Amino acid sequence: MDVRLRTMTIEDYDAVYRLWQRCEGIVLGLSDTRAAIARFLNRNPDLSFVALMDDRIVGAVMCGHEGRRGYIHHLAVDPPHRHHGIGRALVDACLQRLRDLNIEKCHIFVMNDNEEGFAFWKHTDWMERTELKVMTRVLIK
């Protein structure tokens with residue numbers, strides 16, 4: 001399988017959004033508009049990636065940090081292209097860029113009902129944090 005990775009740009013938005021829509025476990029909301037993704041990519045340059053096969057996006061991941069911890073969001077691989085190492089390659093690219101910035105730890109959020117996603121993260125040496133609960137407050141409605 002001939003897949004290449006490159007940095008995600010806002011020009012990838014439409015194709016990446018369609019990919020996210022096809023992938024179970026990805027929950028899309030107000031923070032996933034073109035404008036919001038553009039802000040995220042500008043704030044976190046060269047940290048998010050797409051995987052291409054024959055110039056078609058078959059995988060994507062967003063990555064950022066707040067100066068101390070990295071965060072990976074919306075890892076997605078097109079279902080027909082899963083189990084070929086694309087997801088792992090996307091995550092590894094993010095983690096290397098975070099290491100280059102001296103970010104020592106990275107977090108992910110996995111929806112409770114995303115069993116396939118949870119299995120992927122466990123299989124790739126991520127550990128579940130059972131002592132934490134995530135809380136959210138919506139600021140813009």
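The values are calculated or read from the model by the stated rules, or taken from the named source; none is laboratory data. Quantities reported herein were computed from a predicted structural model and do not represent experimental measurements. Neighbour counts run over all protein chains shown; Cβ positions are idealised from the backbone, glycine included. These accessible areas exclude ligands, DNA and RNA; they are computed on the full protein's heavy atoms, side chains included. Shrake-Rupley method; radii C 1.70, N 1.55, O 1.52, S 1.80 Å.
One line per residue, one yes/no per condition, for (1) closer than 26 Å to Lys141 by Cβ; (2) out of contact with any helix residue (DSSP H, G or I) (no Cβ under 9 Å at 6 or more places or on another chain); (3) free of Cβ contacts under 8 Å to residues at least 40 places away in the same chain:
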residue: Val16; (1), (2), (3): yes, no, no
residue: Ala93; (1), (2), (3): no, yes, no
residue: Arg99; (1), (2), (3): no, yes, yes
residue: Asn102; (1), (2), (3): no, yes, yes
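A single member of Glu11, Glu24 is on the phi < 0 side of the Ramachandran plot and modelled with pLDDT of 95 or more, and it is Glu11. Restricting attention to the stretch 84-97, does a residue exist that is among the polar types (S, T, N, Q) and either more than 24 Å from Lys122 (Cα to Cα) or touching a strand residue (DSSP E or B) at 6+ places or on another chain (Cβ under 9 Å) (or both)? No, the conditions are met nowhere in the stretch 84-97. Residues satisfying the criterion are absent from the stretch 104-120 (criterion: of a type in the set (Lys, Arg) and out of contact with any Lys or Arg (no Cβ under 7 Å at 6 or more places or on another chain)). You will find that of Asn102, Asn114, the residue that is modelled with pLDDT of 95 or more and either polar (S, T, N, Q) or surrounded by 18 or more Cβ atoms within 10 Å (Cβ to Cβ) (or both) is Asn102 and no other.
Within the stretch 45-57, the set of residues being under 18 Å from Gln96 (Cα atoms) and either among the aromatic types (Phe, Trp, Tyr) or open to solvent by 10 Å² or more (accessible area, probe 1.4 Å) (or both) comprises Pro45, Asp46, Phe49.
For the stretch 58-92, the set of residues classified as of a type in the set (A, V, I, L, M) and open to solvent by 20 Å² or more (accessible area, probe 1.4 Å) consists of Leu75, Ala89, listed by residue number. Checked across the stretch 27-43, the condition of being surrounded by fewer than 21 Cβ atoms within 10 Å (Cβ to Cβ), modelled with pLDDT under 95 and within 16 Å of Glu116 (Cα to Cα) holds for at least one residue.
Every condition in (1) out of contact with any Asp or Glu (no Cβ under 8 Å at 6 or more places or on another chain); (2) open to solvent by 30 Å² or more (accessible area, probe 1.4 Å); (3) among the hydroxyl-bearing types (Ser, Thr, Tyr) is met by Thr7 except one, and the failing one is (1).
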